[in-house]
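For reference, the structure is listed below as structure tokens.
A short reminder: the numbers here are calculations on the coordinates, not readings from a lab. This is a predicted model, so every value here is computed, not measured. When we count neighbours, we look across all protein chains shown, and the Cβ atoms used for this are built from the backbone with ideal geometry, even at glycine.
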Amino acid sequence: MNMESSSRLQQVLSKGGFAVTAECGPPRGADTQVVRKKAELLKGCVHAVNVTDNQTAIVRMSSISASVLLLQTGLEPVMQMVVRDRNRIALQSDIMGAYALGIRNMLCLSGDHQTFGSQPDAMNVFDIDSMNLIHTVRTMRDEGKDMSGFELNEPPRMFIGAAANPFADPFEYRVIRLAKKIDAGADFIQTQCVYNMDRFREWMRLAREEGLTEKVYILAGVTPMKSAGMARFMANKVAGMDIPAPVINRMAGVPKKKAADEGIKICLETIAELREIEGVRGVHIMAIEWEEKVGEIVEAAGLKLET
């Protein structure tokens, strides 16, 4: 890929740097200031910022629009795109439109099922799955053709991301699925937030054995917890989440007023351990609606933003 048209995130990773990304959830409305305020909190702290696409199946400002707002503030977006809401025509159209507006990174996802969101009676689409979406973006970029074989006058040269959950069952299938996403065209991976370090280390060991860490950039997810209640909710109610009992007990073992500080401390300890694991090329800090803590975490963790 032409480095001149590539994203900052791609350049940092391709040069061997340790990448730092965060998240920005668009508002439930059209107020641009919500996005701009979050951008100010994240500016100078991270290499790129994920913009979620109607996360938890709740209607929000579009990820494309919010990504453009981030670009206007000087931040580099990672536009998330889910296959839940669009057929293949709309997906390809939005990919080209996003690239035309200056977006260079995208994360391909399935999307939370609409029954979990604010409008459970909505009809889902799922015309293609996330694996097909990854392959489609790569075909558009590398072959300059859409899914019908039509030649594009300007291919969208996206840096292609995908998600991975090392903690879902069956565990043996986790690395196989990672390999499939790489084969489909994923350039980088952002993982589910890591609390079970033993299981994550084993997943990384298997990925290294298969040579996958030589083919893709893996960014490990971390989420600072605000309270013991949040830890319990994530452990019991969020699908695919693995929070060991000692972590929950640690959060519950401090006074409520100090719980957030303890959550930050656990996050920093996790980042320190992740940096020592061979094949981990960055961290993805998921602090939705707690963006003011991202800069503090990055500084305390000693994460130097490489260019």
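Taking the three principal axes of the alpha carbon atoms in the range 112-214, the coordinate ranges are 48, 41, 18 Å, sorted in descending order. Counting charges near Leu42 (Lys, Arg +1; Asp, Glu -1) among other residues having Cβ under 14 Å from its Cβ returns a value of -2. Screening the chain for whole DSSP H helices of 27 Å or more along their axis (Cα) with average Kyte-Doolittle hydropathy at least -1.0 returns none.
Over all other residues within a Cβ to Cβ distance under 12 Å of Asp183, the charged ones net out to +4, with Lys and Arg as +1 and Asp and Glu as -1. Its Cα centre serving as origin, the range 170-307 has a Cβ charge dipole (Lys and Arg +1, Asp and Glu -1) of approximately 480 debye.
Of the candidates Met158, Met204, Met123, which one comes out as most mobile in a Gaussian network treatment of the chain with C-alpha springs shorter than 10 Å? It is Met123.
Over all directions, what mean area does the Cα convex hull of the range 129-175 project, stated in square nanometres? Could you put the intermediate results ahead of the total?
Working: hull surface 16.2 nm².
About 4.0 nm², averaged over all directions.
Between amide H atoms placed 1.01 Å from N, distances below 5 Å from Ala19 occur with Gly282, Val283, all of them 5 or more places distant or on a separate chain.
Note down the relative contact order for the range 35-184 as a percent, whole number, built from C-alpha pairs under 8 angstrom at least six residues apart. Walk me through the numbers before you get to the answer.
Details: 244 pairs, mean separation 31.4, N = 150.
With pairs under 8 Å counted, the relative contact order is 21 percent.
Counting only helical runs of four or more DSSP H residues, what would the 222 nm mean residue ellipticity of the chain come to if each run contributes -39,500 (n - 2.57) and the total is spread over all its residues? Provide the component values of the computation, followed by the final result.
Details: 11 runs with 118 residues, N = 307.
Value at 222 nm, helices only: -11500 deg cm²/dmol.
Tell me the Kirkwood radius of the chain: reciprocal of the mean inverse pair distance over distinct alpha-carbon atoms, in Å. The partial results should precede the final answer.
Working: mean 1/r = 0.0507 Å⁻¹.
When all Cα pairs of the chain are included, the Kirkwood radius is 19.7 Å.
Result for the chain in a Gaussian network model with C-alpha springs under 10 Å: among Ser62, Ser110, Ser14, the largest mean-square fluctuation is at Ser14. Annotation: amide H-H contacts under 5 Å for Tyr217 (H modelled 1.01 Å from N, sequence separation of 5 or more, or interchain): Phe188, Ile189. Of the residues Asp53, Asp85, Asp198, which exhibits the maximal mean-square fluctuation in a Gaussian network model of the chain defined by a 10 Å Cα contact cut-off? Taking springs between Cα atoms under 10 Å, the residue moving most is Asp198.
Give me the percent relative contact order of the chain, please, defined on Cα pairs under 8 angstrom at least 6 residues apart.
Values: 574 pairs, mean separation 59.4, N = 307.
Normalised by residue count, the contact order of the chain is 19 percent.
3J(HN,Hα) couplings calculated from phi for the range 120-128 with the Karplus curve 6.51 cos²θ - 1.76 cosθ + 1.60 (θ = phi - 60°) are, in sequence order, x, 7, 4, 7, 7, 10, 6, 4, 10 Hz; Gly and Pro show x.
Taking label points 7 Å from Cα along the Cα-to-Cβ direction, Gln119 and Lys265 give a separation of 4.5 nm. The string of couplings for the range 139-147 from the Karplus curve (6.51, -1.76, 1.60, θ = phi - 60°) is 5, 4, 6, 8, 9, x, 10, 8, 5 Hz, one whole number per residue in order, with x for Gly and Pro. Here the scattering of the range 37-128 is modelled by Debye summation over its C-alpha atoms, one equal scatterer each and no solvent; at q = 0.10 Å⁻¹ the log10 of I(q)/I(0) is -0.27.
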